Amino acid sequence: MLNFQQIIQKIDQLEEANILLASLELKIFSILDKKLLSAQAIAKKAGSQPWETEQLLNALVAMGALSKKAGLFKNTSETYKHLCETSPHFKRGFVRLRQENRDEWAGLIETLKNGRDPSSHEEDDDPEFRWFFTHAMHERSELYSGKVAEIIARKPVGRLIDLGGGPGSYSAAILRKDKKATATLFDRKVTLEVAKDILAGTKEFSRFDFLEGDLFETEYGRNYDTILFSNILHIYNSKENKVLFKKILRALVKGGRFILLDLFLREDRADPYDAALFSLTMLMFTATGKTYTFKETEALLKATGFSSFKRFPLTEGSSLIEAVKK
């Protein structure tokens, strides 16, 4: 149970979020790079006011996002590594999406009062957005890809298709684990172009095929041994997912495995924490999606022709459900 002080602390985190987002907008971490700079020098490059910028920089120091010595400011090892554009580990996708999400979350009250507007969630193939979004998914997938691959490759993977696989990060990790497996990455054209750039330098690239299409309109092919459905379930309602599950069933060999990776809720729909909060994210950012419970997902799988369900917890509310084609 949150006490009153904890409630205040949660609300006050809005201040910290806006401080960090303003810093990203002004490219403070990139301006600093590996240098020690004054507030005036930073403000000049950022196009902001010196005194006001100094207040922002001091707040970042207080938060532990910058260090300060003799009136000069410097990145920490973490802010340089992840938030500075010259760093080889710069999280470009994360930075861009968080900046956009700040404005979009301002519409929560409007959505709660009037319901979501499906027209605001129409498919967007804007190349710039897809580039950043796909990179953001790659950056997030890196946190889990090793564990995901270990679970899936505990059995021979064979012919794999990764539906809506984005950057192909999970598939690449699976192929690293199972040297005999091959993968088909299925997604829209713009996303596949980004994925090819991300995967091109990997040893697994030669074992990839790429299939452009729409999840609902395009046939996936046949005789796959394993199908990966990663972070797709929550985008659609039950009726839409059932349509996809039937297509997946046709694409698998008998005894083939269907792997769903997502955030799953327990039956009270209020736990685990990340999955419960993710329900609001889906309310805001999808036309029909939601977070599903384990039981309702498995009921949908059973009704479509799958059996032998196994659950594998990952972390922070994310889990795998493995199902088998009868």
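Quick note: the coordinates plus some simple rules give every number you see, no bench work behind them. From a predicted model like this one, the values you see are computed outputs, not experimental measurements. Cβ coordinates were reconstructed from backbone atoms using ideal geometry, including for glycine residues, and neighbour counts include every protein chain displayed.
Summarising the label geometry, the points placed 7 Å from Cα in the beta-carbon direction at residue 303 and residue 205 lie 4.4 nm from one another. Each label point was placed 7 Å from the Cα along the Cα-to-Cβ direction; for residue 102 and residue 246 their separation is 4.6 nm. Taken about its Cα centre, the range 61-208 carries a charge dipole of about 1020 debye when Lys and Arg each add +1 at the Cβ and Asp and Glu each add -1 at the Cβ.
Assuming charge only on the beta carbon of Lys and Arg (+1) and of Asp and Glu (-1), the dipole of the chain about its Cα centre is about 1480 debye to the nearest 20.
Determine, for each peptide in 280-289, 144-153, the mean count of other beta carbons within 10 angstrom over its residues, then list the peptides with the highest first. Each step should come with its number before you reach the end.
Working: 280-289: 16.9, 144-153: 18.8.
Put in order of decreasing packing, that is 144-153, 280-289.
Checking every one of the GluC sites (Glu not before Pro) in the range 232-306 against DSSP loop status and a limit of 15 other Cβ atoms within 10 Å picks out 267.
Can you tell me how the range 1-139 classifies by the Cα gyration tensor, rounded, prolate or oblate, using a/c under 1.5 as the rounded cut? Oblate shape, in that a/c is at least 1.5 and b/c is the bigger or equal ratio.
The trypsin sites (Lys or Arg not before Pro) of the range 14-47 meeting both criteria, a DSSP state outside H, G, I, E and B (loop) and at most 11 other C-beta atoms within 10 angstrom of the site's C-beta, are 34. When +1 charges are put on Lys and Arg Cβ atoms and -1 charges on Asp and Glu Cβ atoms, the dipole computed for the range 4-90 relative to its Cα centre reaches about 400 debye. Test of the criteria: in the range 194-229, which GluC sites (Glu not before Pro) are in a DSSP loop and have at most 12 other Cβ atoms within 10 angstrom of their Cβ? Hits after loop and neighbour filter: 217, 219. Rank 153, 89, 38 by how far each Cα sits towards the positive end of the charge dipole of the chain (+1 on Lys, Arg Cβ; -1 on Asp, Glu Cβ) and give me just the farthest. Towards the positive end, the residue furthest out is 153. For the chain, adding -39500 (n - 2.57) for each run of n ≥ 4 DSSP H residues and dividing by the number of residues yields -15000 deg cm²/dmol at 222 nm.
For the range 193-235, what does the alpha-carbon gyration tensor say about shape, rounded, prolate or oblate, given a ≥ b ≥ c as the root eigenvalues, a/c under 1.5 as rounded, and a/b over b/c as prolate? Note, shape of the range 193-235 comes out prolate. Here the simple spin-label model places points 7 Å from the Cα toward Cβ, and for residue 14 and residue 193 these points are separated by 3.9 nm.
Cα centroids of the range 245-284 and the range 50-67: 41 Å apart.
Where both residues lie in the chain, what percent of DSSP beta bridges are antiparallel, nearest 5?
Working: 18 of 40 bridges.
Among the beta bridges of the chain, antiparallel pairing accounts for roughly 45 percent.
From the coordinates of this entry, volume of the Cα convex hull per residue in Å³ is computed, and it appears in (1) 159; (2) 118; (3) 134 under the label (1).
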